[in-house]
Amino acid sequence: MSYSFRCVDAVADAPLLHSWVTQPYASFWGMLSATVDGVVEEYSKIQATGHHHALLGINDDGVPVFLMEEYLPAASPLAAVYAVQEGDIGMHLLVAPPSGDPEPGYTAAVMDAVLERLFEKPGVERVVVEPDSRNLKIHVLNERLGFQPAGVVNLPDKEALLSFCTRQDYLAAREGLRHPQDHAQDHSHDLSAPIHQGASL
């Protein structure tokens, strides 16, 4: 499976995004009680910033299956809690609810596609994430893809586990995903290990 990306249309895509962000599994996205109008407002603001962008991931069948956001940490609350480096880019990820039975390894494959896209951007050397410190599922997924935890930080809306993924760490982790037989005793590098659809970051 491969994925393409397109910019979120805050108005046209709001009903779809609303159906995702209000699912119980998306509690860490922070929009469980949002209305469709609230989603329009939130993503209109994001798309207008110039430093924070939302995109939909589209599968081979032309169906949107995940939401990703990329942003400049220097223009975000993260600038107050760590020393931003040139080449840093921030990322958020929300995978759509499964349309059928959860597919083991699906979310890891989505994360792989997102990181590949980010590291293809000129000047990007490190991806920064700040999921809620209680979101254990996403911490496992992040480490599988090469993220290294840097510690818990306090942000305006949450206590977060700040983590970084360099290009080198990502490429090493990706090699493990592609060749899980080389990590037979380490299922953290197995693309088929059960991180199911529905993870959010």
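The values are calculated or read from the model by the stated rules, or taken from the named source; none is laboratory data. Since the structure is predicted, the reported quantities are computational estimates derived from the model, not experimental observations. Backbone-built Cβ (ideal geometry, glycine too); neighbour counts: all protein chains shown. Note: areas computed on protein heavy atoms with side chains; ligands, DNA, RNA excluded. Shrake-Rupley method; radii C 1.70, N 1.55, O 1.52, S 1.80 Å.
Under the rule of at least 5 residues apart or a separate chain, name every residue whose amide H is placed under 5 Å from the amide H of VAL8.
Residues meeting the criterion, in which the H sits 1.01 Å from N, are ALA54, LEU55, LEU56.
Near the amide H of GLU103, under 5 Å away, which other amide H atoms are found, from residues 5 or more places off or on another chain, if H is placed in the peptide plane?
For GLU103, whose amide H was placed from the backbone, the distant partners under 5 Å are GLN197.
What does the accessible area per residue of the chain come to in Å², with a 1.4 Å probe and no ligands, DNA or RNA counted?
With the other protein chains kept in place, the chain gives 47 Å² per residue.
Rounded to the nearest 5, what is the percent of antiparallel bridges among the DSSP beta bridges in the chain?
Values: 30 of 33 bridges.
Looking only at bridges with both residues in the chain, the antiparallel portion is about 90 percent.
What relative contact order, as a whole-number percentage, does the chain give when Cα pairs under 8 Å and 6 or more residues apart are counted?
It comes to 21 percent, rounded to a whole number.
Considering the Cα positions of the chain, please state its Rg to one decimal place and its Dmax as a whole number of Å.
Cα radius of gyration and Dmax of the chain are 16.1, 49 Å respectively.
Select from the stretch 1-97 those GluC sites (Glu not before Pro) which occupy a DSSP coil region and have at most 10 other Cβ atoms within 10 Å, ordered by residue number.
Of the GluC sites (Glu not before Pro), the ones in loops of the stretch 1-97 whose Cβ has at most 10 other Cβ atoms within 10 Å are GLU86.
Express in % the proportion of alpha carbon pairs of the stretch 56-142 at distances exceeding 22 Å.
32 percent
Gap in Å between the Cα centre of the stretch 60-112 and the Cα centre of the stretch 131-145?
A separation of 12 Å, based on Cα centres.
What residue among ALA80, ALA48, ALA113 shows peak mean-square fluctuation when the chain is described by a Gaussian network model with Cα springs under 10 Å?
Looking only at ALA80, ALA48, ALA113, the biggest GNM fluctuation is shown by ALA48.
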